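Colleague: Below is the structure I would like to discuss, written out as structure tokens.
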């Protein structure tokens, strides 16, 4: 990945699209997220890393309410996440998500997977939704697989379909929850390439990933979490070359050593 | 590799495989006589079939009597032909209409025939999705139960037929098909209700399912036939058949609910998360994502429950409804035909086997059609 050309400085606007203030979350009595504060501007590409169980996945899953937070505020695209279903729906329409295990719908074809949400959530006519789906399938370079079922595709292809499916909703923010962790090594690159392209087009992205090459190439900010807290955040060069915190140093030495 | 090659690719013509390896001989060698144990099992099986099949054939076909006026008549015809008396199918032939229509008035039986044809026609577009004009045909399927109800019960221009005249296979079909058609949606609703986040709804569903599953169907049928009268205000008449239909439907819906709950739990949590993250509403995710997959997983269990329900319709005999078994019993009371119970039960068994086997085959077809993974 280090051979990748460095991304030219991308525009980051001053507009804040995600604001998390003093957010806490518990699973029963277990305190998963402790006083998380995070501001994301439009166009930012943020990589969140940390040891397993550090709460990084939980954090991004709170942003589209797959997990509920118990304290503090989360404001996404000027809508506050509360128990109000209307707000949750409004936020989910603006925020796309890709999962570690793709979570494609196995009983629908690739095309149906992509066109489903636009048709049912945004009431886009079927023809138009399918045209959009085709456009994004071309962008992730698998238009020829449109009529196949997810079970007939490789892991890398499935994850690219999942990205296309999210993009069909025309989201303003994309969340990636360990998108390459379940993939065989030779398939990681094809997925990362799609993500890099997306970043270069100016998509606001939050990625939980251990792909440090990806972080160096596209991220403008790296966040390190441990024990449910944000320990350190910095721009990638500083983060990798000059980690401030002891725990960050330990983590980096562990993942970069092998 | 040495310089002298014993075999050079392409220099010899390909020989056909030896006869002992392919075709019928090959199949028999591989499957029936491949080892000592297999040879022993094969020989024993052939001997067993030899013991069973000829007498069965004799009884069912070769020595059977197809037209006669009484059991003695049957015996006389058989001995005149010089063999022992096999099945006396003449009995079934004479009572055939009773087995099919029960006591439905003779001049109105065309309504039962028409209903049967309509039922088949209504089932085709529901069961198969490659029929032409399926969308329009489905509207017919939706209307068919009401038209059939009208045809069978009468009224509005047709002579009314009280439900106590229903009987035989027609009664089996009425109870079985109503139970199957009614219990699937109720079962789905109960299964979803049992998984609901609303405690009151969940408790009602759990209580219903556990109560129904904890009580034998016969008890429920007794409740339907006798006890309900005590609970209802005096003077209300509540058709017995209708009560049975409701009880049978509720009974199997509890089982269906549990089968479907199994299917729902087999789905990975990621499916609902993906649907949620794209902004689909609860009912949309259920209808488009969750239920199609959960029902597909549950097909074997659902069909199993349906087959059980269909055969359990014979239990209505104990509250006085005359299904085919009841008809058989009533017919056997006729002194002219006494002692022919084997014929009756074999005949009824064949009817049930054909219906249930068809359901089983359909479920296999459906599983194959819905299979999308690799």
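The values are calculated or read from the model by the stated rules, or taken from the named source; none is laboratory data. Small disclaimer: the values here were computed from a predicted structure and weren't measured. Cβ placement follows ideal geometry from the backbone for every residue including glycine, while neighbour counts extend to all protein chains displayed.
Colleague: Given the criterion surrounded by fewer than 16 Cβ atoms within 10 Å (Cβ to Cβ) and more than 27 Å from residue B:163 (Cα to Cα), identify the matching residue among B:93, B:23.
Modeller: Only one candidate passes the filter, namely B:23.
Colleague: Specify which of the listed residues (B:67, B:20) is more than 24 Å from residue B:171 (Cβ to Cβ), touching a helix residue (DSSP H, G or I) at 6+ places or on another chain (Cβ under 7 Å) and in contact (Cβ under 8 Å) with a residue 24 or more places away in the chain.
Modeller: B:67
Colleague: How many of the residues making up the stretch B:325-374 are under 25 Å from residue B:294 (Cα atoms) and either away from chain A (no Cβ under 14 Å) or in a helix (DSSP H, G or I) (or both)?
Modeller: The total comes to 15.
Colleague: Here's another thing I want to ask about it. Filtering the stretch A:167-191 down to residues that are surrounded by fewer than 24 Cβ atoms within 10 Å (Cβ to Cβ) and assigned to a helix (DSSP H, G or I), which residue is farthest from the other protein chains (Cβ to nearest Cβ)?
Modeller: Step by step, filter the stretch A:167-191, then rank; the result is A:189.
Colleague: Name the residues in the stretch B:124-179 that are free of Cβ contacts under 8 Å to residues at least 12 places away in the same chain and closer than 29 Å to residue B:92 by Cα, would you?
Modeller: B:149, B:153, B:160, B:162
Colleague: Can we say residue A:126 is away from chain B (no Cβ under 11 Å) and either at pLDDT below 95 or crowded, with 19+ Cβ neighbours inside 10 Å (or both)?
Modeller: no
Colleague: Among the residues of the stretch B:67-84, write down those that are over 33 Å from the mean Cα position of the chain (by Cα) and either under 13 Å from residue B:343 (Cβ atoms) or not in a loop (DSSP other than H, G, I, E, B) (or both).
Modeller: Once the filter is applied, which keeps residues that are over 33 Å from the mean Cα position of the chain (by Cα) and either under 13 Å from residue B:343 (Cβ atoms) or not in a loop (DSSP other than H, G, I, E, B) (or both), the stretch B:67-84 yields B:72, B:73, B:74, B:75, B:76, B:77, B:78, B:79, B:80.
Colleague: Taking only the stretch B:32-54 into account, find how many residues are in a helix (DSSP H, G or I) and loosely packed, with under 12 Cβ neighbours inside 10 Å.
Modeller: The total comes to 14.
Colleague: Scanning for something assigned to a helix (DSSP H, G or I), more than 22 Å from the chain's Cα centre (by Cα) and within 12 Å of chain A (Cβ to nearest Cβ), does the stretch B:293-313 turn up at least one residue?
Modeller: yes
Colleague: So is residue A:11 away from every other protein chain (no Cβ under 14 Å), within 30 Å of residue A:237 (Cα to Cα), surrounded by fewer than 15 Cβ atoms within 10 Å (Cβ to Cβ) and without any contact (Cβ under 8 Å) to a residue 24 or more places away in the chain or not?
Modeller: Here the answer is no, as residue A:11 does not meet what is asked.
Colleague: Considering each residue of the stretch A:91-110, count those that are outside any loop (DSSP other than H, G, I, E, B) and either at the interface with chain B (Cβ under 8 Å from one of its Cβ atoms) or free of Cβ contacts under 8 Å to residues at least 12 places away in the same chain (or both), and give that number.
Modeller: So the answer is 5.
Colleague: Looking only at the stretch B:257-282, which residues are facing chain A (nearest Cβ under 10 Å) and assigned to a helix (DSSP H, G or I)?
Modeller: Within the stretch B:257-282, B:269, B:270, B:271, B:272, B:273, B:274, B:275, B:276, B:277, B:282 qualify.
Yes or no, residue by residue, for (1) touching a helix residue (DSSP H, G or I) at 6+ places or on another chain (Cβ under 6 Å); (2) farther than 30 Å from residue B:370 by Cα; (3) surrounded by 12 or more Cβ atoms within 10 Å (Cβ to Cβ):
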| residue | (1), (2), (3) |
| --- | --- |
| B:109 | yes, yes, yes |
| B:122 | yes, no, yes |
| B:145 | no, no, yes |
| B:149 | no, yes, yes |
| B:154 | no, yes, yes |
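Colleague: Given A:150, A:118, which one is in contact (Cβ under 8 Å) with a residue 24 or more places away in the chain, within 11 Å of chain B (Cβ to nearest Cβ) and farther than 25 Å from residue A:65 by Cα?
Modeller: A:150
Colleague: From the list A:234, A:220, exactly one residue is more than 19 Å from residue A:51 (Cβ to Cβ) and touching a strand residue (DSSP E or B) at 6+ places or on another chain (Cβ under 8 Å). Which is it?
Modeller: So the residue among A:234, A:220 that is more than 19 Å from residue A:51 (Cβ to Cβ) and touching a strand residue (DSSP E or B) at 6+ places or on another chain (Cβ under 8 Å) is A:220.
Colleague: Where residues in the stretch B:160-200 are touching a helix residue (DSSP H, G or I) at 6+ places or on another chain (Cβ under 8 Å) and in a loop (DSSP other than H, G, I, E, B), which of them is surrounded by the fewest Cβ atoms within 10 Å (Cβ to Cβ)?
Modeller: Checked the stretch B:160-200; the qualifying residue surrounded by the fewest Cβ atoms within 10 Å (Cβ to Cβ) is B:160.
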